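The values are calculated or read from the model by the stated rules, or taken from the named source; none is laboratory data. Since the model is a prediction, treat every value here as computed from it, not as a measurement. Cβ placement follows ideal geometry from the backbone for every residue including glycine, while neighbour counts extend to all protein chains displayed.
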Ligand SMILES: [Ca+2]
Ligand SMILES: [Ca+2]
């Protein structure tokens with residue numbers, strides 16, 4: 001009788017442990033999956049921004065550090081016709097602070113404007129940066145936004161931060177920094 005009791009108790013303990021372990025790993029999986037999605041979204045958006053900047057032709061795309069811009073206006077070349085460079089419609093990539101999203105616009109601020117949202121979950125300020133007139137993250141820019149551009153010669157630096165809360169109010173942040181060369 002005692003043996004059966006002990007066996008039952010051990011079985012119950014083992015079962016409780018198994019349940020605990022599987023809950024923990026499910027939790028870890030959810031956390032990892034959430035962060036994975038955020039990373040994927042940041043990388044995909046950065047790829048699009050890089051492609052746009054690399055195929056643009058015009059100078060003065062962005063200010064020189066320590067100044068920065070949270071939008072970039074550019075035109076893509078369609079080729080040369082009768083000795084003249086022909087450009088596609090003007091485009092813009094910008095951070096919209098209210099909804100916290102990065103949008104791509106064609107013919108911005110005209111009747112022919114087209115807009116596509118590339119990503120949401122963009123905070124007002126870059127990772128580790130606070131609105132205090134101090135360069136908190138030590139990158140030479142003060143109070144830079146969740147999307148920022150600056151230029152040095154033909155090189156454009158791009159920084160994108162995504163921040164998102166999961167269902168348990170845990171905050172996840174992913175920042176990607178890149179430097180690309182524009183064509184002109
Ligand atoms: Ca900074
Ligand atoms: Ca700051």
Of (1) in a strand (DSSP E or B); (2) at pLDDT 85 or above, residue 77 fails just (2)
Across (1) more than 17 Å from the chain's Cα centre (by Cα); (2) not in a loop (DSSP other than H, G, I, E, B), residue 112 clears everything bar (2)
Considering residues that are more than 10 Å from ligand 2 (Cβ to nearest atom) and part of a loop (DSSP other than H, G, I, E, B), the number found within the stretch 139-156 is 5
Filtering the stretch 4-35 down to residues that are surrounded by 12 or more Cβ atoms within 10 Å (Cβ to Cβ) and at pLDDT 90 or above yields 34, 35
Going through the stretch 140-179 in order, the residues found to be under 30 Å from residue 57 (Cβ atoms) and free of Cβ contacts under 8 Å to residues at least 12 places away in the same chain are 153
Reported set for the stretch 39-61 where residues are out of contact with any helix residue (DSSP H, G or I) (no Cβ under 9 Å at 6 or more places or on another chain) and crowded, with 19+ Cβ neighbours inside 10 Å is 42, 45, 46, 49, 52, 53, 56
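Here is a yes/no grid of residues against (1) within 11 Å of ligand 1 (Cβ to nearest atom); (2) at positive phi; (3) modelled with pLDDT of 95 or more; (4) crowded, with 18+ Cβ neighbours inside 10 Å:
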| residue | (1), (2), (3), (4) |
| --- | --- |
| 90 | no, no, no, no |
| 110 | no, no, yes, no |
| 116 | no, no, yes, no |
| 122 | no, no, yes, yes |
| 127 | yes, no, yes, yes |
| 148 | yes, no, yes, yes |
| 152 | no, no, no, no |
| 155 | no, no, no, no |
How many residues of the stretch 106-136 are within 16 Å of ligand 2 (Cβ to nearest atom) and in contact with a strand residue (DSSP E or B) (Cβ under 7 Å, 6 or more places away or on another chain)? The answer is 6
If you go through 41, 127, the only one that is part of a loop (DSSP other than H, G, I, E, B), under 24 Å from the mean Cα position of the chain (by Cα) and closer than 17 Å to residue 161 by Cα is 127
inquiry  = On the basis of being closer than 19 Å to residue 146 by Cβ and part of a strand (DSSP E or B), does residue 105 make the cut?
reply    = yes
